[in-house]
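Q: Take a look at this one; I'll ask things after.
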Amino acid sequence: ILLLTKAIESFEPQDVTTIFVRKDGTQLNVEGHILCQESELGGLIVHGVYADITERKKLEDEKVNIGLELRQLIDTANAPIFGIDAAGLVNEWNQRAELLTDFDKADVMGKDLVDGFITDDYKVSVKEVLDRALKGDESTNFEFPLFTKSGDRVDVLLNSTSRRDFNGNIVGVVGVGQDITELNNIRKEHESVANDLIQLIDTANAPIFGIDAAGL
């Protein structure tokens, strides 16, 4: 009614999208335009041209639902998921990434991932990996050390995948990670113990000999 009133007042075509109900109760999604003109007798003539877009609307709704389902899957995945755009700015940061780093999504979105959240000793190597992914050269199982909000370090083993638009153009990178902080800590503890044992053997106040399985 509002569009019809506007068409009458302005005599300009008005685009409209609405729903028609058939006699049997089924609904049709339609779009078109209405236009008012003066008749030769001095009255008004209203023209309406509509097209049935029910199937198109159904496909569009399905696409939206799929997008929402994918978004839900990413947000609730049991693994940290990170994403950057072509400029290296964060555009993906799921709930697991929030738990891992204590940075909320709002804290990181639109910020440079490497400059803002990667430890100094890995900035160059991580940037090289992400730059390669932006060129289509994807990487698996590379170490990805992050700062937490409290300044601690967490180690992530990351697989990077190029993100493409509908035309196949690379528009960013998505990474799915695994927290390996504890594994790295255990490995370092084992290395420390091994080094201590070697030092103890080398400096022991007694002759210590060793042979291999062949008696050598």
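Q: When the stretch 57-77 is examined, which residues are found to be charged (D, E, K, R), over 24 Å from Ala106 (Cβ atoms) and either open to solvent by 100 Å² or more (accessible area, probe 1.4 Å) or touching a helix residue (DSSP H, G or I) at 6+ places or on another chain (Cβ under 9 Å) (or both)?
A: Step one: filter the stretch 57-77 for residues charged (D, E, K, R), giving 57-58, 60-63, 69, 71, 75.
Within this subset, residues satisfying the condition of being over 24 Å from Ala106 (Cβ atoms) are 57-58, 60-63.
Matches in the stretch 57-77: Lys58, Lys63.
Q: Of all strands (runs of 3 or more DSSP E) completely enclosed by the stretch 1-113, which ones contain at least 1 residues that are modelled with pLDDT of 90 or more and either under 25 Å from Gly175 (Cβ atoms) or not charged (D, E, K, R) (or both)?
A: 81-85, 90-93
Q: As an exercise: evaluate Leu158 against (1) in a helix (DSSP H, G or I); (2) modelled with pLDDT under 85 and give the number of the one condition it does not meet.
A: (1)
Q: Looking at the stretch 138-155 only, could you name the residues that are open to solvent by 80 Å² or more (accessible area, probe 1.4 Å) and at pLDDT 85 or above?
A: Within the stretch 138-155, Glu138, Lys149, Ser150, Asp152, Arg153 meet the criteria.
Q: Can I ask one more? Can you tell me which of (1) open to solvent by 30 Å² or more (accessible area, probe 1.4 Å); (2) farther than 17 Å from Gln95 by Cα; (3) in contact (Cβ under 8 Å) with a residue 60 or more places away in the chain is the one Val173 doesn't meet?
A: The one condition Val173 does not meet is (1).
Q: Looking at the stretch 117-135, can you tell me whether even one residue there is outside any helix (DSSP H, G or I), at pLDDT 90 or above, more than 24 Å from Asp75 (Cβ to Cβ) and open to solvent by 30 Å² or more (accessible area, probe 1.4 Å)?
A: Taking every residue of the stretch 117-135 in turn, at least one turns out to be outside any helix (DSSP H, G or I), at pLDDT 90 or above, more than 24 Å from Asp75 (Cβ to Cβ) and open to solvent by 30 Å² or more (accessible area, probe 1.4 Å).
The values are calculated or read from the model by the stated rules, or taken from the named source; none is laboratory data. Computed from a prediction, not measured in an experiment: that's the story for all the values here. Here the Cβ is made from the backbone with ideal geometry for all residues, glycine too, and neighbour counts use every protein chain on show. To get the accessible areas, we keep the full protein, side chains included, count just its heavy atoms, and leave off ligands, DNA and RNA. Shrake-Rupley method; radii C 1.70, N 1.55, O 1.52, S 1.80 Å.
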